[in-house]
């Protein structure tokens, strides 16, 4: 058993502490110690984006961040997307547009798509495709994912105006 | 009970519309539980030690140091998995593939395994296992493996299908030949003959979720396995057989599956996890790394194929021959045989012959990958079709239409086709606006066709009606592409109730009869058929309960639009009873209301597709970009068009990845050099345009709703569609897939040098 370090963070708005060995990834810490298994492991090498989270507002692959690096920082995962029992518009549009099949990549896509829309509420198709190029999906061919993000951007702009 | 599975033309209320999937909310909120998302009290972490050599004798395995490490609870080698297969060579191969028995047969072959209290301890323990290897000569290329000088992987393999029986063992496990007519006579009639050779590299299904399971074996043999799989009933039977467990005592629950595409039809770490758990008497969780997934699961074959076509000046093909060499990894497979069956299946060619060679190499044991073996054969045949059209100065699509298979055509692999959709897909392609869209400089357009058999198979389904009138549908085929949605729609259609009132679940192995894998595009076809029959059985019960309620003979009760209706003379004034009303009274009219069905679903309708691909080739770099893509496929009947489109788009994209980028690269040392998503590059979002789809519906006469499987055919045409587009864009015929930038650039340079 390796020696653990205590890490204090804010996860999805709540204060969370966990203890993990210094060589453990943040992905593993979130999954196995915090219980957020919506953070998915597809590769463990930062190539597939299934473990995407927001760390202090920046989109990262949590598999190539150490758990101890999260000390004092703010984390957002897919589990924090829906607020007050309502699905985030991205979540609803992914369902409505059949933008998921097996769903293993979906949490990472949602986190990455939210990061895009947070900084660019009106992305064109090409901007969406490049913003999501770090997330691998093997089921959908990305077609319905891009459409779901386009629909969300449109919905959120409309809502923003009203 | 026998059921009539004939297609009946009817108006649907639910089927054919678009409903959201019942697993959607769990999947967008992170609640859905996949293979790696379960845990059990006292669980250990299991890890596998793998061979670093392509081929090596294992002289000695010393596990004593690992066993002594604090926190290690069990260490196993092949000696902990005694051979109980009793002469079943197929099972013996599975066992040996799960863990090497005296010889490591490929880079990544499992040699030993440990279970420890945590990941770090298990990793440390692996390093303490001392394995003495003696390296043996290896071979990884399919053509080299067939040479008489190649190192022989198994001295028990004597080529089947050749006369006289070989006296020496070789890497050729079997030769297959099939076809119709007289090809020599056919070629003698030809005005034009095309001959070309092709190669395709090995690709992986590339599901994003690595294999993962949680196993628990008690000393009395009662066991549980939570696992990501395409078929938990088959996993149960195989694991029970390998470990000597009773089938009924091993409960296997399928997790949500994070992609399979054929790759989760075979066991790898599951028997190891069970053996580790049995030895430690603790639950053991195992999650493969991506490196392990690439090196040690079941990718598809690499191939080498020769095609020869002869035709009259009018485009009529007089003869066709293909010789197909497929490697199956370090164990015998039947992949070349499947290739023979599919190669010319789109066409009505009087004289045709396919010869298949199944070959062993020092690579992982090949598993199914979406329409297994068909994409490579189609790459060769559909490329040759375009070469033939060019030679004949005909449009490529017209040559295909001239020779297209129809109802009544004798298929190369034996059967005579019933109603099939290949001609309709070609006509739809010809009429599609995509075919008339203008191309820019360096762009070209290609068309290709594809075929897949589709299968049915053993299926068992339960339908239980709750007292509030909502319905649980328990199915045994794992949902890989949205089948819970389509099966709930089918149940709602039959019962005449709302889709929202049906909840489909995947039942564990203790709750239903045996179900075959979700493979061969059979999930919605087979479980759909079983769901229809189960619902019809439930309707009979509902009618009986209405008859009891009314005090009339059941013969006088009909089921219409979700209601029991009294039809006999003298019952005219009885108000109809809804399913909900009958369910509410079920406790007083005879108890729970259910329907059940076990069936071996026969008559899976063949799947045919034609694709259009526009590609732009960069003459400076050789990089090819897909600029437009259209899939036209016959679905028989699209239950939920959203998910049918999803299958078309996903399959096409996998085929595009295979065509342009994906390949296993082995070094001279026989080790895989790119076991990760960085170097094994699957298509990303920015690589692709929208994938347009057109669903055709030519009903399958052997399914009550006309359903054909739709999951696999879409991966068959893309390799050739891309190759044909590149040929039209850049003037080079690419015979080697993937058509990666270096290969295309080399071909462009060679063309330029040839002047």
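Provide Rg and Dmax in Å for segment B:24-159, with only Cα atoms included in the calculation.
18.7, 58
Counting only other chains, what is the mean number of Cβ atoms within 10 angstrom of the Cβ of each residue in peptide B:675-686?
The mean count of partner-chain Cβ atoms within 10 Å per residue comes to 6.
When N counts the residues of segment B:490-573, how does its alpha-carbon radius of gyration compare numerically with 2.2 N^0.38 Å, as a ratio?
Cα-based Rg divided by the globular estimate yields 1.38.
Averaged over peptide A:127-138, how many Cβ atoms belonging to another chain are found within 10 Å of each residue's Cβ?
Values: counts 1, 2, 6, 3, 2, 3, 5, 3, 3, 8, 8, 16.
Across the residues of A:127-138, the mean count of other-chain Cβ atoms within 10 Å is 5.
What is the packing order of peptides B:449-457, B:39-47, taking the mean over residues of other C-beta atoms within 10 Å and listing the highest first?
Values: B:449-457: 25.8, B:39-47: 19.1.
Descending packing order for the listed peptides: B:449-457, B:39-47.
Calculate the mean, over all residues of peptide B:30-37, of how many other protein chain Cβ atoms lie within 10 angstrom of the residue's Cβ. Present the calculation step by step, with values, prior to reporting the outcome.
On the way: counts 16, 4, 9, 1, 6, 1, 6, 4.
Across the residues of B:30-37, the mean count of other-chain Cβ atoms within 10 Å is 6.
Just need the relative contact order of segment B:44-150 here, percent rounded to a whole number, with Cα pairs under 8 Å and 6+ apart.
Working: 187 pairs, mean separation 50.2, N = 107.
Normalised by residue count, the contact order of segment B:44-150 is 47 percent.
Can you tell me the 0 to 90 degree angle between the C-alpha axis of helix A:143-161 and the longest principal axis of chain A, rounded to 10?
Roughly 80 degrees between the two axes.
Given the convex hull over the Cα atoms of segment A:4-80, what projected area results after averaging over all orientations, in nm²? Walk me through the intermediate numbers first.
Values: hull surface 16.6 nm².
Hull-based average projected area comes out at 4.1 nm².
List the equivalent ellipsoid semi-axes of segment B:648-728 in whole Å, largest first, each obtained as the square root of 5λ for an eigenvalue λ of the Cα gyration tensor. Kindly include the intermediate steps, with their values, before the conclusion.
On the way: eigenvalues 203, 53, 30 Å².
The equivalent ellipsoid of segment B:648-728 has semi-axes of 32, 16, 12 Å.
How far is it, in nm, from the label point at residue B:84 to the one at residue B:160 when both lie 7 Å from their Cα along the line to the Cβ?
2.6
7 Å from Cα along Cα→Cβ at both residue B:18 and residue B:510: what's the point-to-point distance in nm?
That separation, rounded to one decimal, is 4.1 nm.
Can I get the semi-axes of segment A:89-161's equivalent ellipsoid? Compute them from the C-alpha gyration tensor as square roots of 5 times the eigenvalues, in angstrom, largest first.
After diagonalising the Cα gyration tensor, the semi-axes are 19, 13, 10 Å.
Among A:150, A:83, A:101, which one shows the biggest mean-square fluctuation in a GNM of chain A, springs joining Cα atoms closer than 10 Å?
Between A:150, A:83, A:101, it is A:83 that shows the largest mean-square fluctuation.
Going by a ≥ b ≥ c, the root eigenvalues of the Cα gyration tensor, does chain B fall in the rounded group (a/c under 1.5), the prolate group (a/b larger than b/c) or the oblate group?
Numbers: a/c = 1.90, a/b = 1.12, b/c = 1.70.
Because a/c hits 1.5 or more and a/b fails to exceed b/c, chain B counts as oblate.
What distance in nm lies between label points placed 7 Å from Cα along the C-beta direction at residue B:59 and residue B:407?
According to this spin-label approximation, the distance is 6.9 nm.
Where does each of B:608, A:18 land when they are ranked from fewest to most other beta-carbon atoms within 10 angstrom? If you can, show how the numbers build up before the last one.
On the way: B:608 30, A:18 21.
Arranged by neighbour count, lowest to highest, B:608, A:18 become A:18, B:608.
If the viscosity is 1.002 mPa s and the temperature 20 °C, what translational diffusion coefficient in µm²/s does Stokes-Einstein give for segment B:136-248 when Rh comes from Kirkwood over Cα pairs? Working shown, then result.
On the way: Rh = 20.0 Å.
Translational diffusion coefficient: 107 µm²/s.
Taking the radius of gyration and the Kirkwood hydrodynamic radius from Cα positions alone, what is the Rg/Rh ratio for segment B:350-400, to two decimal places? All intermediate terms of the calculation are to be shown ahead of the outcome.
Details: Rg = 15.3 Å, Rh = 13.7 Å.
Answer for segment B:350-400: 1.12.
So, R0 is 35 Å and r is the distance between the beta-carbons of residue B:621 and residue B:438; what FRET efficiency does that work out to, to 0.05?
Numbers: r = 24 Å, r/R0 = 0.69.
With R0 = 35 Å, the Cβ-Cβ based efficiency is 0.90.
How would segment B:389-435 be classified by its alpha-carbon gyration tensor: rounded, prolate or oblate, with rounded meaning a/c under 1.5 and the a/b versus b/c comparison settling the rest? Working shown, then result.
Values: a/c = 3.86, a/b = 1.52, b/c = 2.54.
The shape class here is oblate.
Starting from the Cα-Cα distance between residue B:26 and residue B:175, subtract it from 0.36 nm times their residue separation and give me the gain in nm to one decimal.
Numbers: separation 149, 0.36 × 149 = 53.64 nm, distance 4.81 nm.
Contour length minus Cα-Cα distance gives 48.8 nm.
Taking a ≥ b ≥ c as the square roots of the eigenvalues of the Cα gyration tensor of the protein assembly as shown, is the shape rounded (a/c under 1.5), prolate (a/b larger than b/c) or oblate? Each step should come with its number before you reach the end.
Numbers: a/c = 1.30, a/b = 1.05, b/c = 1.24.
Note, shape of the protein assembly as shown comes out rounded.
Given a cut-off of under 8 Å on Cα pairs at least six residues apart, what relative contact order in percent is computed for chain B? Provide the component values of the computation, followed by the final result.
Working: 1986 pairs, mean separation 118.3, N = 755.
So the answer I get is 16 percent.
When only Cα pairs under 8 Å and 6 or more residues apart are kept, what is the percent relative contact order across segment B:696-755? Mind showing how you got there, number by number?
Numbers: 27 pairs, mean separation 10.3, N = 60.
It comes to 17 percent, rounded to a whole number.
Run lengths n ≥ 4 of DSSP H only: what is the helix-derived mean residue ellipticity at 222 nm for the protein assembly as shown, with -39500 (n - 2.57) per run over all residues, to the nearest 500? Intermediate results must be reported in sequence, preceding the final value.
Numbers: 24 runs with 255 residues, N = 917.
Rounded to the nearest 500, the figure is -8500 deg cm²/dmol.
Would you mind ranking B:26, A:47 so that the residue whose beta carbon has the fewest other beta carbons within 10 Å leads the list?
B:26, A:47
Would you mind ranking B:424, B:37 by Cβ crowding within 10 Å, fewest neighbours first? Mind showing how you got there, number by number?
Details: B:424 18, B:37 22.
By the 10 Å Cβ count, ascending: B:424, B:37.
For segment B:55-70 and segment B:379-445, compute the distance between their C-alpha centroids and round to whole Å.
Each part's Cα centre sits 57 Å from the other's.
Once R0 is set to 41 Å, what does the formula 1/(1 + (r/R0)^6) return for the Cβ-Cβ distance between residue A:158 and residue B:503, expressed as a FRET efficiency to the nearest 0.05? If you can, show how the numbers build up before the last one.
Details: r = 33 Å, r/R0 = 0.81.
Plugging the Cβ-Cβ distance into 1/(1 + (r/R0)^6) gives 0.80.
I'd like the per residue volume of the convex hull spanned by the Cα atoms of segment B:262-342, given in cubic angstrom.
Numbers: hull volume 10.4 nm³, N = 81.
Hull volume normalised by residue count: 129 Å³.
Can you give the Rg/Rh ratio of segment B:474-629, where Rg is from the C-alpha atoms and Rh is the Kirkwood radius?
Details: Rg = 22.7 Å, Rh = 18.7 Å.
Computed over Cα atoms, the ratio is 1.22.
Calculate the FRET efficiency for residue B:281 and residue B:665 from the Cβ-Cβ distance with a Förster distance of 41 Å, rounded to the nearest 0.05.
Working: r = 43 Å, r/R0 = 1.04.
Efficiency for this residue pair is about 0.45.
Quick note: the coordinates plus some simple rules give every number you see, no bench work behind them. Predicted model only: the values in this text are computed from it and were never measured. Please note: Cβ atoms are built from the backbone with ideal geometry, for glycine as well, and neighbour counts cover all protein chains shown.
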